[in-house]
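The values are calculated or read from the model by the stated rules, or taken from the named source; none is laboratory data. The structure presented is a predicted model; accordingly, all values stated were derived computationally and were not measured. Note that each Cβ is placed from the backbone with ideal geometry, even for glycine, and that neighbours are counted across all protein chains shown. The accessibility values were calculated without ligands, DNA or RNA, using every heavy atom of the protein model including side chains. Shrake-Rupley method; radii C 1.70, N 1.55, O 1.52, S 1.80 Å.
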Amino acid sequence: MNAPRMSLLALALSTAIPALAQEAPAKDRSQLETVVITAERRAENIKDVPNAVSKISGDKLDVLASGGQDLRFLSGRVPSLNIESSFGRAFPRFYLRGYGNTDFRLNASQPVSVIVDDVIQENPILKGFPIFDTAAVEVVAGPQGTLFGRNTPAGVVKFDSVKPSQKQDGYASVTVGNYGTLNLEGAANLPLSGDWAARISAQSQRRGDWAENTAPGAATPKTEGYRDSAVRAQVLYEPHKQFSALLNVHARDLNGSPRLFRANAIKRGSNDLADGFDAEKAAFNGVNDQTLKQTGGSLRLKWSVPGLNIYAISGYEHVKPLSRGDIDGGMPGAPGIPFQSETGSGMNGHRQLTQEVRLESNTAGPLSWQAGVYLFDEKYTIDNITYNTTTHADVDHIYSAQTNKAGAVFGSVNYAVSDELKLRAGLRYTKDKKDLSTTHAGTGLFNTSTGTSASTNDGKWSGDVSATYKLDADTNLYARYANGFRASSMQNASAFAGQSQASPETVNSYEVGFKSELLKRTLRLSGSLFSYTVKDLQLTAVGGSVNATRLLNAKKATGTGAEINLEALITPDLMVTFGGSLNNTKLKDAGLGVPPGGSLKVNGAFPTVQDPIVGNNAMVDGNSLPNAPKWTYNLTARWSIPLASGDEVYVYTDWAYRSKVNFFLYEATEFTGKSLTEGGVRVGYLWGNGKYEAAGFVRNVTNQIRVTGAIDFNNLTGFINEPRTYGVQFKAMF
């Protein structure tokens, strides 16, 4: 670990340690804590919000993050949420209710929006910023286009950092684990006085290269390790209750490995791992390397005047990634590898600017409202690189410059018809414009058959209407209709594929549900039924016989399902949570076909396609959406054992299950991911009135290894989930 990374942690931890003598507040163990969320841009009790919202915070968030995994640890931890990546820690892809996007290009558009501290993170590389010193993660399912800008037809995943205050509190944490894992994390409010408050937070995660490359003279002898550091500094100025200004500055530095693509990892004719598969070994002749540097900041201003709150939120983000890998996954002459491929994707000159001005009523009475203006401006250049597979020198570059300017006006009204019935409605108009141009520098192929530049210009209204009915003091019923919009997408020309474009997609969503707090608030139960239809769904066809990636539209896709969330305080010392979802998704386009990887038919290493074949295409009508499990479940349990000394021993376990998934648009036996169950166990000891904690943990405790993604252009190449990890952690709170 280098000196700059250590200094980030040292600054946070040095402010923390002197204050450890302070007392931690005692928790009320007789009932569940009230859950307050901001899914509607206001602080509200989760029971009163007419939408399917899940919140992860506190002990649960700490336990899930304890192994050092990136934010994919959230996958399956709330109903209908799936997160996967073919880039590793740098490029998470989010799916809600089966609705997402498998596109791995650096300008990919996703229908699930990620918002960090009120600023949208549009580019997929921005979405992977580490989770640390986080107050809560909220997952809001269904279209959210009224109050949250930029491509939210599937929903929103919202991260809120702990904010500065005048309290001298914080924490320091050290974790040591197998595979050379070392995680350092800390945060503290700095000792300022008067109208000022500041907080600094930092994290450094390190894991050694645990997968050995058995290829003789390999350019990358070992892989799968990383060094990932991030820091966040916040300053709050609040001279009086009528004005506040919050400045947020953050940075990330990642140096590690992309996903390890493993040639012939899947057994022909099944979706089992190949005979003799060893998760800690692979044989490939290319270079695996990944770097990412990200900086950003935001300024959140709030004015309160009689009857009105005014918010102005300005955001800036910059990211420079490079991910390079041996994407054929193997060695020359290996079965099913007719040609070698070593490529990289980077981004230069990225810059995202956002500005929102929002007005919010703050008067008493049955009517409340919000209205605002949102502006978005992004530009960058993508560098797609091809390397010589013998010398590993770069030999070909395809540069794609893209700009995206968008603007929106929006408004939302809440009205309490009576104490029992409350109505909400919102409307938004979005204008979105993109420009793309591509140039070539090198000796490789460049397909210009469909041009080298393109532009889009879209405008669309979206909105929602909902009602909440108070059935009794403990239970609310709700119903919601919402529609959403995702602007056109473009992909540059490449070596084998011409430039492609997908037109805008729209979604109509219907949802009914209930939310209850029962048994003197020791049981919280909620459930929902939903149905949505996406018109002109944007899809990505990848791989096939020529390793091409192209955008296309399906006429329609549908999703129906149900979700349930339960929290139960069975005794003051035993807390159990459960979440589950059923998602039925289906493509509906009788004429839609895509070329499967089976068109190569080399050395018998091609997939067993289950769809009808017409010409060179597999017809995908009726297939489920990619990476959309039908069933997901999650379970946690925390058992506390109070000691006579006032200290506490606890046992915490968490489990997540998802059923099988299709990796691609077409169905193939080999490219159907098996069901996956991952669990964790943590045993800890708390002392000093909860100020100090020592714990041991195991993640993926059963060491279940599954293929979680594949490449279909060359051979039966796959990548896997993380193996079992374990370690110990010490944490001091103050």
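On the given criteria, is ARG227 open to solvent by less than 20 Å² (accessible area, probe 1.4 Å) and at pLDDT 95 or above?
So ARG227 fails the test.
Can you find a residue that is of a type in the set (Gly, Ala, Ser), more than 30 Å from LEU445 (Cα to Cα) and either surrounded by 23 or more Cβ atoms within 10 Å (Cβ to Cβ) or over 27 Å from the mean Cα position of the chain (by Cα) (or both) anywhere in the range 493-506?
No, the range 493-506 contains no residue that is of a type in the set (Gly, Ala, Ser), more than 30 Å from LEU445 (Cα to Cα) and either surrounded by 23 or more Cβ atoms within 10 Å (Cβ to Cβ) or over 27 Å from the mean Cα position of the chain (by Cα) (or both).
Can you tell me which of GLY325, GLY346, GLY333, GLY296 is in a strand (DSSP E or B), out of contact with any Leu (no Cβ under 7 Å at 6 or more places or on another chain) and either within 30 Å of ALA215 (Cα to Cα) or charged (D, E, K, R) (or both)?
None of the other options fit; the residue is GLY325.
What's the total number of residues in the range 415-443 that are over 33 Å from the mean Cα position of the chain (by Cα) and either surrounded by 14 or more Cβ atoms within 10 Å (Cβ to Cβ) or of a type in the set (S, T, N, Q) (or both)?
Looking only at that region, the number is 5.
Could you count how many residues in the range 140-171 are under 16 Å from the mean Cα position of the chain (by Cα), within 25 Å of GLY58 (Cα to Cα) and open to solvent by 10 Å² or more (accessible area, probe 1.4 Å)?
So the answer is 2.
Suppose we keep only residues that are within 25 Å of GLU511 (Cβ to Cβ) and in a loop (DSSP other than H, G, I, E, B) within the range 42-66. Which one would you say is most open to solvent (accessible area, probe 1.4 Å)?
ALA43
Tally the residues that are in a loop (DSSP other than H, G, I, E, B) and in contact with a helix residue (DSSP H, G or I) (Cβ under 9 Å, 6 or more places away or on another chain), restricting the search to the range 162-171.
Selection size over the range 162-171: 2.
Six or more apart or on different chains, Cβ atoms under 8 Å: show the pairs whose first residue is in the range 565-576 and within 20 Å of LEU81 (Cβ to Cβ) and whose second is in a loop (DSSP other than H, G, I, E, B).
That search, which allows pairs on different chains as well, returns ASN565/VAL78; ASN565/PRO79; GLU567/LEU32.
Scan the range 385-414 for residues that are touching a Phe, Trp or Tyr at 6+ places or on another chain (Cβ under 8 Å), assigned to a strand (DSSP E or B) and either open to solvent by 20 Å² or more (accessible area, probe 1.4 Å) or within 20 Å of PHE485 (Cα to Cα) (or both) and report the count. Steps first, answer last, please.
Filtering the range 385-414 down to residues touching a Phe, Trp or Tyr at 6+ places or on another chain (Cβ under 8 Å) leaves 393-395, 398, 401-402, 404-414.
Among the residues that remain, those that are also assigned to a strand (DSSP E or B) are: 394-395, 398, 401-402, 404-414.
Filter once more, keeping what is either open to solvent by 20 Å² or more (accessible area, probe 1.4 Å) or within 20 Å of PHE485 (Cα to Cα) (or both): 394-395, 401, 404-414.
Going through the range 385-414 one residue at a time, the tally reaches 14.
Filtering the range 623-644 down to residues that are more than 30 Å from TYR685 (Cβ to Cβ) and not in a strand (DSSP E or B), which residue is most open to solvent (accessible area, probe 1.4 Å)?
It comes out as LYS630.
Hey, does the range 16-30 have a residue that's at pLDDT 85 or above, open to solvent by 20 Å² or more (accessible area, probe 1.4 Å) and farther than 22 Å from GLU693 by Cα?
Residues of the range 16-30 at pLDDT 85 or above: none.
Checked against the condition, which is being at pLDDT 85 or above, open to solvent by 20 Å² or more (accessible area, probe 1.4 Å) and farther than 22 Å from GLU693 by Cα, the range 16-30 yields no hits at all.
Checking the structure you have, find out if any residue of the range 614-622 is over 29 Å from the mean Cα position of the chain (by Cα), free of Cβ contacts under 8 Å to residues at least 60 places away in the same chain, open to solvent by less than 10 Å² (accessible area, probe 1.4 Å) and under 25 Å from ASN264 (Cβ atoms).
Looking through the range 614-622, at least one residue is over 29 Å from the mean Cα position of the chain (by Cα), free of Cβ contacts under 8 Å to residues at least 60 places away in the same chain, open to solvent by less than 10 Å² (accessible area, probe 1.4 Å) and under 25 Å from ASN264 (Cβ atoms).
State which residue pairs qualify: first residue under 16 Å from TRP631 (Cα atoms) and inside the range 69-92, second residue among the aromatic types (Phe, Trp, Tyr) and open to solvent by less than 10 Å² (accessible area, probe 1.4 Å) in any location, beta carbons under 7 Å apart, and separation of 6 or more residues or different chains.
ASN82/TYR95; ILE83/PHE94
Please return the ranges of strands (runs of 3 or more DSSP E) entirely within the range 172-235 where 3 or more residues are under 27 Å from the mean Cα position of the chain (by Cα).
Where strands (runs of 3 or more DSSP E) fall fully within the range 172-235 and carry at least 3 residues being under 27 Å from the mean Cα position of the chain (by Cα), they are 181-190, 196-207.
Somewhere in the range 313-325, is a residue in contact with an Asp or Glu (Cβ under 9 Å, 6 or more places away or on another chain), of a type in the set (Ser, Thr, Tyr), open to solvent by less than 50 Å² (accessible area, probe 1.4 Å) and without any contact (Cβ under 8 Å) to a residue 60 or more places away in the chain?
Within the range 313-325, one or more residues are in contact with an Asp or Glu (Cβ under 9 Å, 6 or more places away or on another chain), of a type in the set (Ser, Thr, Tyr), open to solvent by less than 50 Å² (accessible area, probe 1.4 Å) and without any contact (Cβ under 8 Å) to a residue 60 or more places away in the chain.
Determine which member of the set GLY142, GLY170, GLY128, GLY180 is touching a strand residue (DSSP E or B) at 6+ places or on another chain (Cβ under 7 Å) and under 25 Å from LYS660 (Cα atoms).
GLY142
Six or more apart or on different chains, Cβ under 7 Å: which pairs go from a residue in the range 247-265 that's open to solvent by 30 Å² or more (accessible area, probe 1.4 Å) to one that's assigned to a loop (DSSP other than H, G, I, E, B)? Could you list them?
ASN264/ALA274; ASN264/GLY330; ASN264/ALA334; ASN264/PRO335; ASN264/GLY336; ASN264/ALA605; ASN264/ASN715; ASN264/LEU716
Looking at ALA215, ALA283, can you tell me which residue is in contact with a Gly (Cβ under 9 Å, 6 or more places away or on another chain), at pLDDT below 95 and open to solvent by 20 Å² or more (accessible area, probe 1.4 Å)?
Numbers: ALA215 fails: open to solvent by 20 Å² or more (accessible area, probe 1.4 Å).
Of ALA215, ALA283, the one residue that is in contact with a Gly (Cβ under 9 Å, 6 or more places away or on another chain), at pLDDT below 95 and open to solvent by 20 Å² or more (accessible area, probe 1.4 Å) is ALA283.
Somewhere in the range 83-104, is a residue among the aliphatic types (A, V, I, L, M) and over 12 Å from the mean Cα position of the chain (by Cα)? Please lay out each step first, then the result.
Step one: of the range 83-104, the residues among the aliphatic types (A, V, I, L, M) are 83, 90, 96.
Filter again for over 12 Å from the mean Cα position of the chain (by Cα), leaving none.
There is no residue in the range 83-104 that is among the aliphatic types (A, V, I, L, M) and over 12 Å from the mean Cα position of the chain (by Cα).
Could you tell me whether any residue of the range 529-543 is under 30 Å from ALA668 (Cα atoms) and not in a strand (DSSP E or B)?
Checked the range 529-543: at least one residue is under 30 Å from ALA668 (Cα atoms) and not in a strand (DSSP E or B).
Please note which strands (runs of 3 or more DSSP E) are completely contained in the range 645-734 and include at least 1 residues that are in contact (Cβ under 8 Å) with a residue 40 or more places away in the chain and under 30 Å from LEU539 (Cα atoms). I'd like the intermediate steps shown before the answer.
On the way: elements: 648-658, 676-687, 692-699, 707-711, 717-720, 725-733.
Once the strands (runs of 3 or more DSSP E) in the range 645-734 are filtered for at least 1 residues that are in contact (Cβ under 8 Å) with a residue 40 or more places away in the chain and under 30 Å from LEU539 (Cα atoms), what remains is 648-658, 676-687, 707-711, 717-720.
Say we look at the range 703-731 and pick out the residues that are in contact with an Asp or Glu (Cβ under 8 Å, 6 or more places away or on another chain) and surrounded by fewer than 20 Cβ atoms within 10 Å (Cβ to Cβ); which of these is farthest from LEU643 (Cα to Cα)?
ASN721
Within the range 175-196, track down each residue that is buried (at least 22 other Cβ atoms within 10 Å of the Cβ), closer than 30 Å to ARG724 by Cβ and out of contact with any Leu (no Cβ under 7 Å at 6 or more places or on another chain).
Selection gives ASN183, GLU185, ALA187.
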